[in-house]
């Protein structure tokens, strides 16, 4: 397509709401043609190919156009036939979509002729070449002809259509066709009025040739196809030969096959239009989506990132930008074919909402508060400042302000209290090591008695079964793992010197904990972890601390962050501490400094939970090897460490990976 003419204004998204004017910009040869590769004059791989991502994302190609991507590393004959079948069906589908939109009452004979003309133009211009994955470098390429000035299947010329090509209208395949057919149809619809048609006959073949002459040479080229001596007669002759010869049919086995390309979605500006159907997702970006199964999601252009319940939706702030105050509700089936990642809301929220208290942890009110039936709901009672409460549920909304509510129980009343925003949460409550006089959820260093027959003890939460525990058995609690929208509880426990996890019910909508376990008196003097004298183990932050000091060992990443924030010598300095009568040396930071460095996360910075190490947090070295395992380590484990001459480090809350493997089981 060499010369631009003024086009009609259309109502469709792609073809085109604005009027396109003639322009000429003398771009250099092979403008924005990066990593050019050669080709051959055969279907699908005409020369040349240049990096497609000079004008748009490769992700768009792989997401929407894989069936019409010519993969050169495959057997050429097999790949050509596959590609030709897919491209044939697509070109016909685009041509049909276009002319039906422009002329709703189009006859079947005119539509068939228009489809054949589109197939011929694509052959004439590019040998049906557009996207390819080059064998030379594996990159996605777009066909560039005429010294790089012709873009793609219909050869949109970047000199005559400079603005359009800059906007990617030559790169995006369906847009390339729609943009070009717009120009071709302008000549097509008025061809019957031309003298040459009236003289040589108003056949679809002649109208196709007349429209091509103008498409190729502009309005002044009208009837050029009748002049065998015209300087560009070879173009018209080539078009006629291809129109009549239909050589592409040698490679197409099923002329009735529907296109797998989602033409309608792409033609209307969709960006997630997977082959074989799908929906237009162009309106999903930067919005909070609620699916038909009530999941709350954000969309990144490729997949949905979701939490099961809307009450945790603001925690998705880490995976995408959106306005949580504006919810777009999706119909049933509208997410079919789109992959979905569903996050554990408790990990997601705790890792990404600064100052959020975790389920099971304790907070102390720093000002009077109101207990309500639901967040912002009916008032149940007021609660005085200074009261300690256990958190049973979290609600976070407004991804800008990160407003939060906590579900708590005070005496016989259960409801939600206001927890503040990202800027003032400390004005409402602070984490505390003090436990309320009554609390429902067993936590670190509690003992529980099993209430059901044959309760499975697992290697990880919901993981492989290690053993079966009988009703009435007492277990030492080492920690709490909360999952899913209904606050499913797994207790990290120690039983007969072996650690594992048990299922303990759920908290939402109503607690079932008492069906599974009940708090009970200690069976012995075992500890779930050891801490320096005068401190307690904070199971939410996995550290021994009091209100003044927090003790290590701290992860390497935490020490690096400490230095980056100006902590100086204190970041690495060790201090003497007494643990179970043993004098040891540990890092010691102020608790306030520790919390500012660590922030919220389910594991210390630079570590992650590993199923291979009992769902403990682990740390790797620069060779990607797990070298450290973080506690808590209970009395039985510490005793085995001491018996094996592990030394004072047995009392620490970080062991070497090899030490953990040796001492975690009897």
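Here, each number is a calculation from the coordinates, and none is a lab measurement. This structure is a prediction, so every number in the text was calculated from the model and none was measured. Here the Cβ positions follow ideal geometry from the backbone for every residue, glycine too, while neighbour counts run over all protein chains shown.
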Exercise. At q = 0.10, 0.13 Å⁻¹, what is the log10 ratio I(q)/I(0) for region 536-663, with the Debye formula run over Cα points and no solvent?
Worked result: -0.30, -0.52
Exercise. For the chain, what is the mean residue ellipticity at 222 nm derived from helices alone (per DSSP H run of n ≥ 4: -39500 (n - 2.57); sum divided by total residues; nearest 500 deg cm²/dmol)?
Worked result: -7000 deg cm²/dmol
Problem set entry | Length-normalised contact order of region 49-251 in % [C-alpha pairs under 8 Å, at least 6 apart] | 20
Problem set entry | Per-residue Cβ neighbour rank within 10 angstrom, fewest leading, 79, 110 | 110, 79
Exercise. Tell me, what is the percent relative contact order of the chain, built from C-alpha pairs under 8 Å that lie six or more residues apart?
Worked result: 8
Seminar exercise, completed: In whole Å, largest first, the alpha carbons of region 41-93 cover along the principal axes 28, 25, 18
Exercise. If you bin the C-alpha pair distances of region 351-431 every 10 Å from 0, what whole percents do you get?
Worked result: 20, 59, 20, 1
Problem set entry | Fewest-first ranking of 634, 536, using other Cβ atoms within 10 Å as the exposure measure | 536, 634
Exercise. On full extension of the chain, what length is gained from residue 426 through residue 548, given 0.36 nm per residue of separation minus the C-alpha to C-alpha distance?
Worked result: 42.2 nm
Exercise. Out of every Cα-Cα pair in region 136-204, what percent are more than 19 Å apart?
Worked result: 47
Seminar exercise, completed: Given a Förster distance of 30 Å, the FRET efficiency implied by the Cβ-Cβ spacing of residue 454 and residue 523, rounded to the nearest 0.05, works out to 0.95
For this session: Return one number: the angle in degrees, 0 to 90 and rounded to the nearest 10, between the long axis of the Cα atoms of helix 173-189 and the longest principal axis of the Cα atoms of the chain.
Result: 30
For this session: Taking the chain as the reference, fit the longest principal axis to its C-alpha atoms, fit the long axis of helix 76-102 to the helix C-alpha atoms, and give the angle between the two in degrees, 0 to 90, nearest 10.
Result: 80
Seminar exercise, completed: Bounding extents of region 405-469 in its principal axis frame from Cα atoms, largest first in Å, are 46, 27, 21
Exercise. What whole number of Å gives the distance from the Cα centroid of region 122-139 to the Cα centroid of region 585-610?
Worked result: 53
For this session: Label the chain by shape, choosing from rounded, prolate and oblate, from the square roots a ≥ b ≥ c of the eigenvalues of the Cα gyration tensor; if a/c is under 1.5 it is rounded, and otherwise prolate applies when a/b is larger than b/c, oblate when it is not.
Result: prolate
Problem set entry | Zero-based 5 Å bins, Cα pair distances in region 447-520, whole percents | 4, 19, 30, 29, 15, 4, 0
Problem set entry | Enclosed volume per residue, in Å³, of the convex hull spanned by Cα atoms of region 49-251 | 124
For this session: Output the relative contact order of region 79-140, whole-number percent, from Cα pairs under 8 angstrom with separation of 6+ residues.
Result: 28
For this session: Post the alpha-carbon centroid distance, region 524-543 to region 39-102, in whole angstrom.
Result: 63
For this session: Calculate the length of the line joining the C-alpha centroid of region 294-349 to that of region 360-377, in whole Å.
Result: 27
Exercise. What span do the alpha-carbon atoms of region 321-385 cover on each of the three principal axes, reported in whole Å from largest to smallest?
Worked result: 51, 27, 21
Problem set entry | For 347, 665, order by how many other beta-carbon atoms lie within 10 Å, fewest first | 665, 347
Problem set entry | Alpha-carbon Debye profile of region 90-156, log10 I(q)/I(0) at 0.14, 0.25, 0.29 Å⁻¹ | -0.51, -1.01, -1.15
